[in-house]
1. Which members of segment 150-167 meet the condition of being modelled with pLDDT under 95 and assigned to a strand (DSSP E or B)?
2. Looking at residue 53, is it out of contact with any helix residue (DSSP H, G or I) (no Cβ under 7 Å at 6 or more places or on another chain), without any contact (Cβ under 8 Å) to a residue 24 or more places away in the chain and assigned to a helix (DSSP H, G or I)?
3. Keeping to segment 141-181, report how many residues are surrounded by 20 or more Cβ atoms within 10 Å (Cβ to Cβ) and over 20 Å from the mean Cα position of the chain (by Cα).
4. In segment 197-209, what residues are exposed (fewer than 15 other Cβ atoms within 10 Å of the Cβ) and either assigned to a loop (DSSP other than H, G, I, E, B) or touching a helix residue (DSSP H, G or I) at 6+ places or on another chain (Cβ under 9 Å) (or both)?
5. Return a yes/no flag: does segment 180-196 have any residue that is farther than 22 Å from residue 40 by Cβ, in a helix (DSSP H, G or I) and either in contact with a helix residue (DSSP H, G or I) (Cβ under 8 Å, 6 or more places away or on another chain) or modelled with pLDDT of 95 or more (or both).
6. Among the residues of segment 212-243, how many are under 20 Å from residue 127 (Cβ atoms) and either modelled with pLDDT under 65 or in a loop (DSSP other than H, G, I, E, B) (or both)?
7. Given the conditions (1) surrounded by fewer than 21 Cβ atoms within 10 Å (Cβ to Cβ); (2) more than 30 Å from residue 195 (Cα to Cα); (3) more than 15 Å from the chain's Cα centre (by Cα); (4) touching a residue at least 40 places away in the same chain (Cβ under 8 Å), which single one is not true for residue 93?
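The values are calculated or read from the model by the stated rules, or taken from the named source; none is laboratory data. All of these numbers come straight from a predicted model, not from anything done at the bench. Cβ atoms come from the backbone with ideal geometry, glycine included; neighbour counts cover every protein chain shown.
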């Protein structure tokens, strides 16, 4: 099985700066982290590989070269191939231009599934997965909170999506684009001590505008159709924690909670 994880390295909200003239983040000066939703996508792919060792994982990101050390970190925990799509003329691309660039590369790849996040904390438009689905003519689903590992194969995926008032289980033919959310239970492993110093540079390749045959007026700010009117920092609600006892009252609380969430 071949899995492609489409990820984004996003600025730490406490360290980024904004180019107000162009309404764009200055990524080169920001402290970066792997987008939380994308963490779950890579973690699920590694979980599949742990069960099926013949699985290969490629991580694809469009970013400046400063993300290279972060890609090395992913290669050291089990990712097989890193692909960095990077060129100065890509800077300032909106979701339309970004999806066009990514689709141009992905159209050349063989894969069974593309795994990615639903939201990115530096934009939160959730446009990219759906746009890629349209450009690549692939099935796509966002908001996935769990994928059934036992029913995940080269031809089919079964997964749960959380809506405002219920959980819905879908079955989708592959290849497709599956977009997870940060509330998924999948966590990235730590690199082993011997892997922390391993040279993984041979597993990273860089794709430029020349490789994809783009002109400067087709991508970046010039090729973007979106004009940002206003930006703000999204606030995430902190989830409450309830501790119950193993008595009748505790059992009743859990029962009512599961019933409310449509599990029973």
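1. 162, 167
2. Working: out of contact with any helix residue (DSSP H, G or I) (no Cβ under 7 Å at 6 or more places or on another chain): yes; without any contact (Cβ under 8 Å) to a residue 24 or more places away in the chain: yes; assigned to a helix (DSSP H, G or I): no.
The answer is no for residue 53.
3. 0
4. Restricting attention to segment 197-209, the residues satisfying the condition of being exposed (fewer than 15 other Cβ atoms within 10 Å of the Cβ) are 197-199, 201-202, 205-206, 208.
Across segment 197-209, the qualifying residues are 197, 198, 199, 201, 206, 208.
5. Of the residues in segment 180-196, the ones farther than 22 Å from residue 40 by Cβ are 193-194, 196.
From what's left, in a helix (DSSP H, G or I): 193-194, 196.
Within this subset, residues satisfying the condition of being either in contact with a helix residue (DSSP H, G or I) (Cβ under 8 Å, 6 or more places away or on another chain) or modelled with pLDDT of 95 or more (or both) are none.
For segment 180-196, residues farther than 22 Å from residue 40 by Cβ, in a helix (DSSP H, G or I) and either in contact with a helix residue (DSSP H, G or I) (Cβ under 8 Å, 6 or more places away or on another chain) or modelled with pLDDT of 95 or more (or both): absent.
6. Selection size over segment 212-243: 18.
7. (1)
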